[in-house]
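Heads up: the structure comes next, in C-alpha cells.
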Amino acid sequence: VIGGGLSGVSVAYFLSSVYNRKVCLLERGDTLAFGASGRNGGHLWRGIGPEWPAIVDRFGLEDALKMQRFETQCVKEMMGFIREKGIECDLHECGSVWTSLTESEDSHLSSCLDTYLQQCTEEQAHSSWDAQTSDMRGFHGGVFNKDAATVHPANLVYGIAAEAIKYGACIHTNAVVTSTDKEDDVFHVRLSDGRTVAAKHVVHATNAWVSKLVPAMEGLVYPVRNQVVSARCKPGSLPHGVCFDRGYVYGMQRLDGRLVWGGCRYVAPNMDTGVDELTLHAAVSEELRNVLKRHVPSALSDWSEELEWAGIMGFSIDEQPFVGPLQLAAEQSRMDEDSGSEWIIAGFTGHGMPRCFLCAKALAAMICHDDSTSDLLPNCYRSSRILKLKAGTV
C-alpha cells in the first residue's frame, strides 16, 4: 500500500484484519497522515447543501441517494470503530450545519432539503436550522445534520494504523517510492534509497500525488492547496461544525477548545488549483481571519496559541473518488488474484473523511475477491470509468 493517509491505513487494516493478508504500507513523509489526512478539519459528516439538485441531475437519483447512504454508513461505521477500539482522536458528536449567507440562498437550501426529504424517505438526520439560535453572525438559516461529528484526523489515522499493526501489517515512513514495475507476476516497488519491496498487489493510495507513480492519471486527479488556521478560544464559540459559501469555508471546535477554521481559497489565483506546495498564501490567510471575525466574533475574545498550515487535497476531474482496479488499457480483463494487480483509491476532492474508511473496506474486498460488498460502492466511485474519462466519453 503506497500512502499513509486515511485511505492507505484503512486499506492496510481491512486487508490484514479481515483477510489475513501480509501488508506493507509505505509512506514518503516522516510521519503518517503527512498529507491531507492530517491537515484537514476532521469533519465526519455528509451534508445536504445547495448542490443537491445538480448531483441528482448529474448522477441520477438512485446513485445520488446511494452516495448519501454510503457516507451515512461510513460515518456510522467509523464512529463505531473509534469507540470499539478506544482510539483517542477527540471524537465529538456535535452535529454540523450548512449555513446560508443570503435570503435567496436560504430559500434554495430549504427547497433542497424539502426535495431531499421527499426523495429519501428513511432520512432522519437532517432538519432546518434557525440562525437565531446561534451566537454566529451573518447567517440567514441552514440545514442541520444531527449525526455529524468531528475528530482529530491525524490521531484517527495513527489509531487505525496501530490496529493494522496488531494484525501483522508492516508500516514504514520516510519510504519514498520511485517506481512500480511488474515482472513475472510480481510487482517490484522501488524506493529512493535503493531498497525494493516485492508484492503481488500494489494499492495506490497517494491521493493528490497519484499521477507521480501512475502518469496515466495525470489530469484525472490533481492537487489543490487549502489553508487552515487554529487557536484556543472561548468555549462554545462553535457548538457544532459549520460549512458555508458553496462549501469553501468550514469550521469546528474540538473538545479541547481549539477552534479550526479553514478554506477561503477563492481569493487565491485559480483557487490554488494545481498547487502542491505547503507554503501559505497571504491573501488566504487574511481572508480566513476576516471571515472568522465576521461570523464568529465571540471566538476572538479569548484567541491564543494560534497555528496556521496548508494541506494538499486530491481533486478528481469529476469530483468523485476512484476506487478499484487500476485499469489503464481497454484489453485488461478482470483483475486476476493469482497474477497480481494494481489498485487505486484516490481523488476524494476535499471530502474524504466521510468516504475513505468504507471505500477502503470495499477495495480490500475487491482485492480478495470477496463479493459480499460488491454492491457497496456507488457507481460513480468505481475506477472502471477511468478509460471513459480519458477518452472524454463521460
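List the lysines whose alpha-carbon lies under 28 Å from that of Lys293, not counting same-chain residues fewer than 8 positions away?
Answer for Lys293, where 28 Å is the Cα cut-off: Lys146, Lys234, listed by chain and number.
I need the helices of the chain that pass two filters: whole DSSP H segments spanning 15 Å or more by Cα along the axis, and mean Kyte-Doolittle score no lower than 0.0.
Working: long enough: 6-17 (16 Å, 1.31); 61-85 (36 Å, -0.58); 103-119 (24 Å, -0.91); 153-166 (20 Å, 0.71); 282-295 (20 Å, -0.56); 356-367 (16 Å, 2.09).
Correct list, ordered by number: 6-17, 153-166, 356-367.
On the accessible surface of the chain, probed at 1.4 Å, how many percent belong to carbon and sulfur atoms? Each step should come with its number before you reach the end.
Numbers: 8100 of 16700 Å².
Here it works out to 48 percent.
Just to check I understand the Karplus step: with θ = phi - 60° and J = 6.51 cos²θ - 1.76 cosθ + 1.60, what whole-Hz values come out for the stretch 124-133, glycine and proline as x?
Running phi through 6.51 cos²θ - 1.76 cosθ + 1.60 with θ = phi - 60° gives 9, 8, 9, 7, 5, 10, 9, 4, 5, 7 Hz.
Between Arg69 and Met271, what is 0.36 nm times their sequence separation minus the Cα-Cα distance? Round to one decimal in nm.
Values: separation 202, 0.36 × 202 = 72.72 nm, distance 3.01 nm.
So the extension gain works out to 69.7 nm.
Tell me which of Leu300, Ala131, His369 sits at the most positive position along the dipole axis of the chain, charges placed on C-beta atoms (Lys, Arg +1; Asp, Glu -1).
Leu300
Is any residue of the stretch 352-366 close enough, with backbone N under 15 Å, to a label point placed 7 angstrom from the Cα of Val18 along the Cα-Cβ axis, and if so, which?
Zone members listed by number: 355-366.
For Asp184, project a label point 7 Å along Cα to C-beta. Then give me every residue of the stretch 2-27 with its amide nitrogen under 17 Å of that point.
Inside the label zone: nothing.
Looking only at the chain, where both bridge partners belong to it, what percent of the DSSP beta bridges are antiparallel (to the nearest 5)? Walk me through the numbers on the way to the answer.
On the way: 51 of 64 bridges.
Percent antiparallel among DSSP bridges in the chain is about 80.
In Å², what does the accessible area per residue of the chain work out to with a 1.4 Å probe? Walk me through the numbers before you get to the answer.
Values: 16700 Å² over 394 residues.
Counting only protein heavy atoms, the per-residue value for the chain is 42 Å².
What is the list of residues in the stretch 174-191 whose amide nitrogen lies under 11 Å from a point 7 angstrom out from the Cα of Asp30, following Cα to Cβ?
Answer for the stretch 174-191: 174.
With a cut-off of 8 Å between alpha carbons and a minimum separation of six or more residues, what is the relative contact order of the chain in percent? Could the numbers behind the result be given before it?
Working: 849 pairs, mean separation 87.9, N = 394.
Across the chain, relative contact order equals 22 percent.
If packing is taken as the mean number of other Cβ atoms within 10 Å per residue, what is the order of 146-153, 127-134, highest first? Numbers along the way, then the final one.
Values: 146-153: 23.0, 127-134: 14.6.
Packing proxy ranking, top to bottom: 146-153, 127-134.
Run the simple label-point estimate for Val176 and Glu77 please: 7 Å along Cα→C-beta, distance reported in nm.
It is 3.5 nm.
With a 1.4 Å probe and all protein chains kept in place, how do Glu62, Glu71, Glu105 rank by accessible area, largest first?
Working: Glu62 155, Glu71 10, Glu105 40 Å².
Per-residue accessible area, sorted high to low, gives Glu62, Glu105, Glu71.
Just from its helices, what would the mean residue ellipticity at 222 nm be for the chain, if runs of 4 or more DSSP H residues each count -39500 (n - 2.57) and the sum is divided by every residue, rounded to the nearest 500 deg cm²/dmol? Before the final figure, lay out the partial values.
On the way: 9 runs with 112 residues, N = 394.
Dividing the helical sum by the residues of the chain leaves -9000 deg cm²/dmol.
How would you order 46-59, 259-272 from highest to lowest mean count of nearby Cβ atoms within 10 Å? It would help to have the intermediate numbers written out before the result.
Numbers: 46-59: 17.7, 259-272: 20.0.
In descending order of packing, they fall as 259-272, 46-59.
Want the number for Arg58 to Glu103: 0.36 nm per residue separation, take away the alpha-carbon distance, what's left? Walk me through the numbers before you get to the answer.
On the way: separation 45, 0.36 × 45 = 16.20 nm, distance 2.62 nm.
Computed gain between Arg58 and Glu103 is 13.6 nm.
Testing the spin-label approximation: label points 7 Å from Cα along Cα→Cβ at Arg195 and Ser285. State their distance in nm.
It works out to 3.7 nm between the two label points.
Taking the Cα centre of the chain as origin and charging only Cβ (+1 Lys, Arg; -1 Asp, Glu), how large is the dipole, in debye to the nearest 20?
Details: 36 positive and 49 negative charges, 95 e Å.
Charge dipole, the chain, about its Cα centre: 460 debye, nearest 20.
For mean projected area of the Cα convex hull in nm², which listed value, (i) 21.1; (ii) 19.0; (iii) 23.1, comes from the coordinates shown?
(ii)
The values are calculated or read from the model by the stated rules, or taken from the named source; none is laboratory data. A quick note: this is a predicted structure, and the numbers were derived from the prediction, not measured. With ideal geometry, Cβ positions are generated from the backbone for all residues, glycine too; neighbour counts draw on all protein chains shown. Remember, those area values only see protein heavy atoms, side chains included, never the ligands or the DNA or RNA. Shrake-Rupley method; radii C 1.70, N 1.55, O 1.52, S 1.80 Å.
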